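Asks: First, the structure itself, so that you have it in front of you.
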Amino acid sequence: MERPRIMAEEAGPGTEAEWDRLIDECANGVLYQKSAFLAHYAHKAERVVRLLFRSGGRSLGLLAGGIVPSAGRRELAAPFSASFGGISHTPGLSLGEAVALVDELIRAAGRYGVQSIRLAQPPSIYSTETDDRLDFALLHAGFTPATADLTLYLSGGNRTTRSSVVRNVKRAENNGLEFRETDDAAAVWDLLHRWKESRKLPLSVSRGDLAALKAAFPDHIRAFLTLSGNRPIGAMVLYQLNRRTALAFAWDEDEDYRSSRPNDFMLTRVINVALTGGTACLDLGTVTLQGEPVWGVTRFKENFGPRGALRKTYVLVLPKA
């Protein structure tokens, strides 16, 4: 069988609207690949690279990445400032198209003078179809799995929330806790930063970045508060990364009010907001760090009856010219 001829072309200035439309048409496109997101973080890369893969005038996929230093090499990383992104493709990509697309990516990377390619693919829950042909094509081309972390997610199907969560939510309601959405992302960041800093936990977005992203994507980045009276005691940021799946990006609670169970209360409310609003899956985030389980986080998230999906990263070191 003859492989289809696929050409990679770089999306230039003035193509942002078309680029964003193509991301929405992909089976597994995510907000991290959108033009405004890439532009906001462009300072973190030597060069932002937006590649379109076409065959006979038909778009088959895209890559949103950047050229960055890595282990003494110049690397084409996709994404270069997010958890995942990698290659997004149109629905129904054939095996021949997947293999040809990856081969063309390798040729294109060589033209940028990089020594390696790193792809963090969206977990399967961000795709409208269950299909591993692109993963096979990456392995077939010599990419090696660099890391595989586990994320836990909820869907609208049958799931069993543990009785302890039900009791904790009831306690929170009896204590008069209230749940509210807010447009003040900066104020939510201030709360999260203060609470996490007190326990020496990182917050992977800056105050200015979160405020700017909320302004750029007002319907996709949402912020929530849990209140005791007028006092915020819990906060959460939710990213709607595509039509199918939202990510519970960051949340925390005021330790002084932990006995009121604001985290259980707040996450239960966010689950309801997400899964009754047309979203198929709510990604609760990873429970591993560089492949090792973080047991405290795992136990908390498993109280809500989730399933698991892998976040896979592939790396290819290019041969020397």
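Asks: Between Thr144, Thr276, Thr288, find the one with the highest GNM mean-square fluctuation for the chain; connect C-alpha pairs within less than 10 Å.
Replies: Thr276
Asks: Now, a different point. Got a sec? Which residues in the range 131-151 would a label at Asp103 touch, if it sits 7 Å along Cα→Cβ and we count backbone N under 19 Å?
Replies: Once the point is set 7 Å along Cα→Cβ of Asp103, 133-144 turn out to lie under 19 Å by backbone N, inside the range 131-151.
Asks: Here's another thing I want to ask about it. Points 7 angstrom from Cα along the Cβ direction at Asp219 and Asp135: gap in nanometres?
Replies: Placing both labels 7 Å beyond Cα along the Cβ direction yields 3.2 nm.
Asks: OK, next. Could you calculate the FRET efficiency of Val317 with Leu150 from 1/(1 + (r/R0)^6), where r is the beta carbon distance between them and R0 is 25 Å, rounded to 0.05?
Replies: 0.45
Asks: Further question: In whole Å, how far is the Cα centre of the range 1-35 from that of the range 133-167?
Replies: Between the Cα centre of the range 1-35 and that of the range 133-167, the gap is 24 Å.
Asks: Can you list the DSSP H helices in the chain whose Cα atoms extend at least 30 Å along the helix axis and whose mean Kyte-Doolittle hydropathy is -0.5 or higher?
Replies: Going by DSSP H runs, there are no hits.
Asks: Report the trypsin sites (Lys or Arg not before Pro) located in the range 195-303 that are in a DSSP loop and have at most 11 other Cβ atoms inside 10 Å of their Cβ, or state none.
Replies: Filter output for the range 195-303: Arg199, Lys200.
Asks: Is there a quick way to get the dipole size of the chain? I mean about its Cα centre, with the Cβ of Lys and Arg at +1 and of Asp and Glu at -1; what is the value in debye to the nearest 20?
Replies: Here the size comes out at about 520 debye.
Asks: Simple spin-label model, 7 Å along Cα-to-Cβ: Arg21 to Thr128 in nm?
Replies: About 1.5 nm, to one decimal.
Asks: I would also like to ask the following. Would you work out if the range 137-221 is rounded, prolate or oblate? Take a ≥ b ≥ c from the square roots of the eigenvalues of the alpha-carbon gyration tensor; rounded if a/c is under 1.5, else prolate when a/b is larger than b/c, oblate otherwise.
Replies: Oblate is the answer for the range 137-221, as a/c is 1.5 or above yet b/c matches or exceeds a/b.
Asks: Within a Cβ distance under 12 Å of Asp184, other residues only, what is the Lys/Arg minus Asp/Glu net charge?
Replies: +1
Asks: Taking amide H atoms as placed 1.01 Å from N in the peptide plane, list the residues 5 or more away in sequence, or in a different chain, whose amide H sits under 5 Å from that of Asp254.
Replies: Gly234
Asks: From a point 7 Å beyond the Cα of Arg231 in the direction of its Cβ, which residues of the range 246-287 have a backbone N at a distance under 19 Å?
Replies: Under cut-off, by backbone N: 252-266.
Asks: Scan the chain and hand back the longest stretch that contains none of the GluC sites (Glu not before Pro) lying in DSSP loops with at most 12 other Cβ atoms within 10 Å.
Replies: Excluding the exposed sites themselves, the longest stretch runs over 130-321.
Asks: Using R₀ = 51 Å, calculate the FRET efficiency as 1/(1 + (r/R₀)^6) where r is the Cβ-Cβ separation of Lys200 and Arg5; round to 0.05.
Replies: In this case the efficiency is close to 0.45.
Asks: Going by Cα centres, the range 66-92 and the range 285-321 are how many Å apart?
Replies: Distance between centres, Cα-based: 17 Å.
Asks: Please report, in whole Å, how far the alpha carbons of the range 163-321 spread along each principal axis, starting with the longest.
Replies: In descending order, the Cα extents are 67, 36, 36 Å.
Asks: Give me the log10 of I(q) over I(0) for the range 147-186 at q = 0.25 Å⁻¹, as the Debye formula computes it from C-alpha points; what are the numbers?
Replies: Listed by q, the Debye log ratios stand at -0.92.
Asks: Would you tally the net charge around Cys26, using a Cβ to Cβ cut-off of less than 12 Å, leaving Cys26 out, and scoring K and R as +1, D and E as -1?
Replies: Here the charged neighbours net out to 0.
Asks: How much length would be gained if the chain were fully extended between Arg111 and Asn175, taking 0.36 nm per residue of separation minus their Cα-Cα distance, in nm to one decimal?
Replies: Taking 0.36 nm per residue and subtracting the Cα distance, the gain is 16.9 nm.
Every read-out reported here was derived from the displayed coordinates using simple, explicitly stated rules and does not represent laboratory data. Just so it is clear, the model here is predicted, and its values are computed rather than measured. Because the Cβ atoms are built from the backbone with ideal geometry, glycine has one as well, and the counts that use them run over all protein chains shown.
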